[in-house]
1. If I filter the range 195-232 down to residues being of a type in the set (D, E, K, R) and either over 30 Å from Phe20 (Cα atoms) or in contact with a strand residue (DSSP E or B) (Cβ under 6 Å, 6 or more places away or on another chain) (or both), which single residue comes out as surrounded by the most Cβ atoms within 10 Å (Cβ to Cβ)?
2. So which residues in the range 72-101 are surrounded by fewer than 23 Cβ atoms within 10 Å (Cβ to Cβ), out of contact with any Ser or Thr (no Cβ under 7 Å at 6 or more places or on another chain) and at pLDDT 95 or above, if there are any at all?
3. Just checking: which of the helices (runs of 4 or more DSSP H) contained wholly in the range 17-102 hold 2 or more residues that are out of contact with any helix residue (DSSP H, G or I) (no Cβ under 7 Å at 6 or more places or on another chain) and of a type in the set (S, T, N, Q)?
4. Out of Lys216, Lys203, Lys235, Lys227, report the one residue that is without any contact (Cβ under 8 Å) to a residue 40 or more places away in the chain and of a type in the set (Lys, Arg).
5. Take Ile287 and tell me if it is part of a strand (DSSP E or B) and either of a type outside the set (D, E, K, R) or closer than 17 Å to Ile327 by Cα (or both).
6. For residues that are touching a residue at least 60 places away in the same chain (Cβ under 8 Å) and not small (Gly, Ala, Ser), scanning just the range 142-159, find the one that is surrounded by the most Cβ atoms within 10 Å (Cβ to Cβ).
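The values are calculated or read from the model by the stated rules, or taken from the named source; none is laboratory data. Keep in mind it's a predicted model, so treat the numbers as computed, not measured. No Cβ is skipped: glycine too gets one built from the backbone with ideal geometry, and neighbour counts run over all protein chains shown.
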Amino acid sequence: MKTALITGISGQDGAYLAKFLLEKKYKIIGLDRRSSRSDSWRLNYLGINNKIILEYSDLTEISSMQRIFYKYNIDEVYNLAAQSFVASSFNTPISTCDVNALGVLRILEIIRNSKKKIKFYQASTSEMFGKVLKSSQNEITSFNPQSPYAISKIFGHYITQNYRKSYKIFACSGILFNHESPLRGEEFVTRKITVGLAKIINKEIDCLYLGNIDSKRDWGYAEDYVKAMWFMMQKKVANDYVIATNQSYSVKDFINEAVKYYGLEIFWKGKGLTQKAINKKNNKIIIKIDPKFYRPLEVNYLRGDARKAEKILKWKPKINFRKLVEIMSKADIKRHLKVENN
């Protein structure tokens, strides 16, 4: 039985990865901050909360992390912990970098000084590409970050490469493009939409306010993507891989697809900040644009080129964009709606 340490286990990816590794007969040590203690709803949702060993620590405290490595015979580390909300990184750049950048270095230093060979996975992100100059992004595309979050993640990405080359550590990075699911936090736009539509139907709110709905992302399904993490760790040679669907859709596309599952028909009026989604049934505005949800620097387009992962890892996403929207919408209908799902 292998032992895996998953940092950020209470997050979307951590929960799905833990479920997948349990099916592979791993012993799972889940690492989380004490302030995340109330966020174990995802583990409960998947029915695995009592199947993992939960330890409380923080990537900003190397001594508390060292304790975990001394306590358990760890084979693989999946570093998924991060301050992962891009908008928040503009307000908290120092703490974002302490966790997302130096936190990676602290783990790598523990592994470097360990007597055991421990494999390491770093969760990199498509946000590192930022303002792109090419129609798709792969492992050799230049980074052009547009947020403290993205900059901090670039440090984590490069320090992982550096330790792999300098100290012969098995250290790999997955450059994952946007991946969503019913376990996504409600502060992220996809869940904000699916929950918001449920609240509109329930008459809890009249209107949903969003930011840049014209921005395009390569959206995949998180449960597909965590499997790619494991595939990377099973190779004989560590490497970095883009994980993506190779297709890009706008936030507006997501809305247009989601409303179908809520029994809504909408039409759009206006452009840019004046765009509005109007309910055809009663002519009421149900979605508006609010400039406060725009980032100081916007990333308007991302689309991944995952051919390397397809060729070497034999990985391909199973869930496409429309199926992803269906899964998320139906999950929030079941959670939130008082009306029967058609």
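1. Checking each candidate, the answer is Asp218.
2. Once the filter is applied, which keeps residues that are surrounded by fewer than 23 Cβ atoms within 10 Å (Cβ to Cβ), out of contact with any Ser or Thr (no Cβ under 7 Å at 6 or more places or on another chain) and at pLDDT 95 or above, the range 72-101 yields only Glu76.
3. 62-71, 86-91
4. Lys203
5. yes
6. Lys153
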